[in-house]
1. Looking at residue 62 and the list (1) surrounded by fewer than 17 Cβ atoms within 10 Å (Cβ to Cβ); (2) farther than 30 Å from residue 152 by Cβ, which single condition is not satisfied?
2. Taking the condition on the phi < 0 side of the Ramachandran plot, part of a strand (DSSP E or B) and not hydrophobic (A, V, I, L, M, F, W, C), does residue 36 pass?
3. Can you tell me which residue in the stretch 484-519 is farthest from residue 403 (Cα to Cα), limited to those that are among the basic types (Lys, Arg) and open to solvent by 40 Å² or more (accessible area, probe 1.4 Å)?
4. Condition check: surrounded by fewer than 21 Cβ atoms within 10 Å (Cβ to Cβ) and hydroxyl-bearing (Ser, Thr, Tyr). Does residue 272 satisfy that?
5. If you go through the stretch 126-175, how many residues are in contact with an Asp or Glu (Cβ under 6 Å, 6 or more places away or on another chain), surrounded by fewer than 18 Cβ atoms within 10 Å (Cβ to Cβ) and touching a residue at least 40 places away in the same chain (Cβ under 8 Å)?
6. Restricting the search to the stretch 367-395, which residues are assigned to a loop (DSSP other than H, G, I, E, B), open to solvent by 30 Å² or more (accessible area, probe 1.4 Å) and either modelled with pLDDT under 75 or among the charged types (D, E, K, R) (or both)?
7. Is there a residue in the stretch 102-109 that is modelled with pLDDT of 55 or more and either over 26 Å from residue 17 (Cβ atoms) or open to solvent by 60 Å² or more (accessible area, probe 1.4 Å) (or both)?
8. Please determine, by comparing only the residues of the stretch 151-182 that are among the β-branched types (Val, Ile, Thr) and assigned to a loop (DSSP other than H, G, I, E, B), which one is farthest from the chain's Cα centre (by Cα).
Amino acid sequence: MAAVAFRLGQRVHVAGDPARVGTVRYLGPVDGHPGDWLGVDWDAGAGGRHDGSLAGLRYFVAAGERSASFARPTALSAGITLPDAIRNRYNVEEFTKEEQDEMYVFSTSQKRVSVELVGKNKVEEKLKNLNDLTSASVSYMGVSSIGPGDELKNLVPNLRQLDLTGNLLSQWQDIFSLCEALASLEILDLTNNTMENDFTDSSSVKNIRVLVLNYCGVTWELVEKIKVSFSCLSELHLMTNRIKAMMTPVGNIVQGFDTLRLLNLEDNHIDSWDEIVKLSYLRSLEQLHLNKNMLKHVTYPSNPPPLGSLGDAAVLPFEKLRVLLLGSNQIDEVLSVDSLNLFPSLTLWLSTPILISTFLKDVRLSDNPVADPAKGGVPRFVLIARLGKVKILNGSEISPRERREAEIRYVRLVMGKAESYDPEEIKRLHPRFAELKAFHGIEDEKPSSRTSGPQKMASGLISITLKCVGPSMGEKQPLTKKLPPATTVGKLKSLCESFFKLKDVKLRLYLEEEGCPLPQFFEEDTVSLMELGIGTGSTIIVDEES
């Protein structure tokens, strides 16, 4: 095969290895090496040797310093048609054990689930007639074209879900032809196909409900064109496309996408919440996935567009948004958590750097500084108290008892610092404090008087359980002690030495919390139990420094 059989920009794979995919960036001679050569820039730098230059001569510019190499035309494959790939994958009489193990179906959440071929004879009989096939995967099979439309239509006329991950597709005309040939197709996964951003076709695709364009090199300019052709999308997945900004044709608000319920922008380069605000008037948007970006704060939009500019007299920002995923960002302030109470639908299913389900009310606050006490963030009980409607936090169900204790502890924590702030400052920093204080009937602490008598003095004490777990301390039974709320961590360490008869041991104290997998370490010896929000019923772990 001559080099002229390929074209610049064409997607290719190594002959015999469809998983090693790259893009042709050069056609022609290489100095000092006779014959035809192709310069290929490999995806993810898969086995490259240079950056497009060789022996001091620049032939092309590769994506990475060692993502490129030169290859003979005979060492590369331009791929196969989609019908051929389907026949190759689903010709069950020729399945190897490895190919059987690779088969999967889609779960209801669109995740791959491996399938064990139970009743193999029945499966073989059914798949001999591909007319019955409704879900297919031809991932990493070197698909480079759709082939004749009639052939595809006659082969799998009832196909509803198609996974084309890691193939050689790049031209949108092929995608339009595919959707036209498969009228029943609703879910199309094009992950790891480098799609061209030159999108000039005005075809209308009304059958696709879920479009997955993860790792496709998609820009937001292309997204603005996609929404015109794919006008009936309910889900659009755009993970890992290096999108940083939403450039809009008119104004500063993303419009259209009237049926879109889920938009996945995870693992991009978005660092400004102002970019997310541009999405706030997507009418049907219920789920917005923003994990693994670089966002530092969250606020509810305070400056809506002029009345009537969006077609309606009154539209609320993020009016239907129920799910907001912000895990693994850089959010470091609790005011961002508080702002979620302003979202119209998130007041029922609150969320933050999180994973939350409308049905499970599941909130995940992991991998953000605001949820990591070691990075200056707040512990679990504070998040529970600030997010009043959450049912599951970081995969652990919040029981009514844990919520009550968290909210009471949070109120005590704020009261312990109340002398340092004026009331207006408390209201600003702790919006739910007054509400929770009144709800739980917590009165302001009054200074103790030496003449108040033993009974009144005892009524101000808190009862805590101490568990000694240090390996060199020996086995000791837990103790329950009543202590003044003003007891400092340092003072409690000294008391523990006496309680457990410990000598020459440096202690570390932790708070054991229900539903929290890791105890909270007390770092400062000068902080009091009240300032830490610790009240009656708390359990403190007594350990030794390592």
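1. Failing condition for residue 62: (1).
2. Taking the combined requirement at face value, the residue satisfies it.
3. 503
4. For residue 272, the condition - surrounded by fewer than 21 Cβ atoms within 10 Å (Cβ to Cβ) and hydroxyl-bearing (Ser, Thr, Tyr) - is met.
5. 0
6. 367, 372, 389, 391, 394, 395
7. For the stretch 102-109, residues modelled with pLDDT of 55 or more and either over 26 Å from residue 17 (Cβ atoms) or open to solvent by 60 Å² or more (accessible area, probe 1.4 Å) (or both): absent.
8. By that ranking, first place goes to 156.
The values are calculated or read from the model by the stated rules, or taken from the named source; none is laboratory data. Worth saying up front: this structure is predicted, and the values here are computed from it rather than measured. Neighbour counts run over all protein chains shown; Cβ positions are idealised from the backbone, glycine included. These area figures cover heavy atoms from the full protein model, side chains too; ligands, DNA and RNA do not enter into them. Shrake-Rupley method; radii C 1.70, N 1.55, O 1.52, S 1.80 Å.
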